[in-house]
Amino acid sequence: MSDETASLMGKPGADGRFGEFGGRFVPESLMPACLELEKWFDDAWADPDFRAELDGLLRHYGGRPTPVTECARLSERLGVRVLLKREDLAHTGSHKLNNVVGQALLTKRMGKSRMIAETGAGQHGVASATAAALFGLECTVFMGEVDTQRQELNVFRMELLGAEVRTVTSGSRTLKDAVNEAMREWVASVDTTHYCLGSVMGPHPFPYMVRQLQRVVGDEARAQCSDLLGGAAPDVVVACVGGGSNAAGTFAGFVDTSARLVGVEAAGGAAITNGIPGILHGMHSRLLQDEAGQIEEAESISAGLDYPGLGPEHAHLAATGRAEYSTAADDEVLDAFRLLSHTEGIIPALESAHAVAWVARSAGTEALPAGSTVLVTLSGRGDKDVAQVREIFGRQRDA
């Protein structure tokens, strides 16, 4: 590996930048909170007792380590060896708990009594509500009105866990607007409240902090794949990308190996493919923008990928060429949702189905030659999406 590759996915510079991306673009009133959070997290991450408590909670409460599953029938059908890193089997049904438990511990360590969070598909909101219940913290979750309608089950789960769900009716009424409202609330209540941001986005230290809390996915998967593959890494490692936390956590475990890293965005929200550099939610990254620099709305069948940008570290990985980014269209995602369900008895989240769709489309091509081994991070299970998909399949059948 080159020195440049070896230095990737380390700690960002003092200004919180990964190459040209990242930084801290926040109102003056929030700068002290960001600096305070950076100090608290650095101290905690260097504290063996904090790390041991976090590891213990993820093991005994969260269900870690999650397994890597060999997909025999899907592999036979596609002509490539498919392995799944099963974050769908973690408590609450996705990778989100890894980040939230760490941030909840940090909230307690900072002496704050309340967490707020944004959510799109609802999985981060559910995980936040879960951790708040576990630690006796107040919890408020901001969710766009469109997402509350297509993820009614997760809204109920959050409320059942004791969280207040605030419906956001401004803008596109999706994830971008939920982040806006959460940041406004943080400004107003920063003395008692920690903003538990759900992905590798936002102002420094959030992209770095969330990646570090999610790298357990990649570290586990690397060791598990090494056992399965006789010490080798997979040829290709694939994960879906919205903000990009499951992909960042996965890629961190393989960035210094020979594995190709592939992030799969929603075709209607492809910030790497269609975006240009800009600033949103406190970070400099690649964003969907019009000619006047106004943020354009992302569109995706999956609420969790319905975001007009992605984390700055992903923008940096793309710029350096260490990771490549592709897209999956809604119809491909639905086909992949059905394919994995039929061949392996595993119903994926629509977000994760984007990664499966890339594998299904690429198998046997130059992008994924026959006989290759590919690891897919299955970031969540599809229980939350079944009603939505049933409705879509019903409309297709009746058409």
Candidate values (i) 18.7; (ii) 20.9; (iii) 24.7, label of the one derived for mean projected area of the Cα convex hull in nm²: (i)
Which whole-number percentage describes the relative contact order of region 41-123, with Cα contacts under 8 Å and a sequence gap of 6 or more? 24
Cβ-derived FRET efficiency at R0 41 Å, residue 167 paired with residue 341, nearest 0.05: 0.85
Can you tell which of 365, 187, 293 lies farthest toward the positive end of the dipole of the chain, using +1 and -1 charges on the Cβ of basic and acidic side chains (Lys, Arg; Asp, Glu)? 365
Determine the relative contact order of the chain: mean sequence separation of Cα pairs under 8 Å and six or more apart, normalised by residue count, in whole percent. 20
What size of dipole, in debye to the nearest 20, comes out for region 22-147 about its Cα centre when the only charges are +1 on Lys and Arg C-beta atoms and -1 on Asp and Glu C-beta atoms? 440
Per residue of the chain, what 222 nm ellipticity follows from adding -39500 (n - 2.57) for every DSSP H run with n ≥ 4, rounded to the nearest 500? -14000 deg cm²/dmol
Could you work out how much longer the chain between residue 232 and residue 191 gets when fully extended? Use 0.36 nm per residue separation minus the Cα distance between them, nm to one decimal. 9.9 nm
When the dipole is taken about the Cα centre of the chain, and only Lys, Arg (+1) and Asp, Glu (-1) are charged at their Cβ, what size is it in debye, to the nearest 20? 760
What residue among 323, 267, 14 has the largest mean-square fluctuation in a Gaussian network model of the chain, using Cα springs under 10 Å? 14
Net lengthening on full extension, residue 156/residue 49 (0.36 nm per residue, minus Cα-Cα): 35.0 nm
Separation in nanometres of the label points that stand 7 Å from Cα toward Cβ, at residue 397 and residue 36: 5.5
Out-of-range pairs (alpha-carbon distance over 23 Å; input 85/176; 39/85; 112/176; 85/112; 96/176): 85/176; 39/85; 112/176; 85/112
Restrict the search to region 1-89; then list the GluC sites (Glu not before Pro) that DSSP places in a loop and that have at most 12 other Cβ atoms within 10 Å of their Cβ. 28
Bins of 10 Å, beginning at zero and ending with the bin holding the largest distance: percent of Cα pairs per bin for region 235-276, please. 30, 50, 20, 0
Give the relative contact order (percent, whole number) for region 160-271; include only Cα pairs under 8 Å separated by 6+ residues. 21
Given R₀ = 30 Å, what would the calculated FRET efficiency be for residue 28 paired with residue 113, taking r from the Cβ atoms and rounding to 0.05? 0.75
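Values in this text are rule-based calculations from the coordinates and carry no lab data. What you see is a predicted model; the values in this text were computed from it and never measured. Here Cβ is always computed from backbone atoms with ideal geometry, including for glycine, and neighbour counts include all displayed protein chains.
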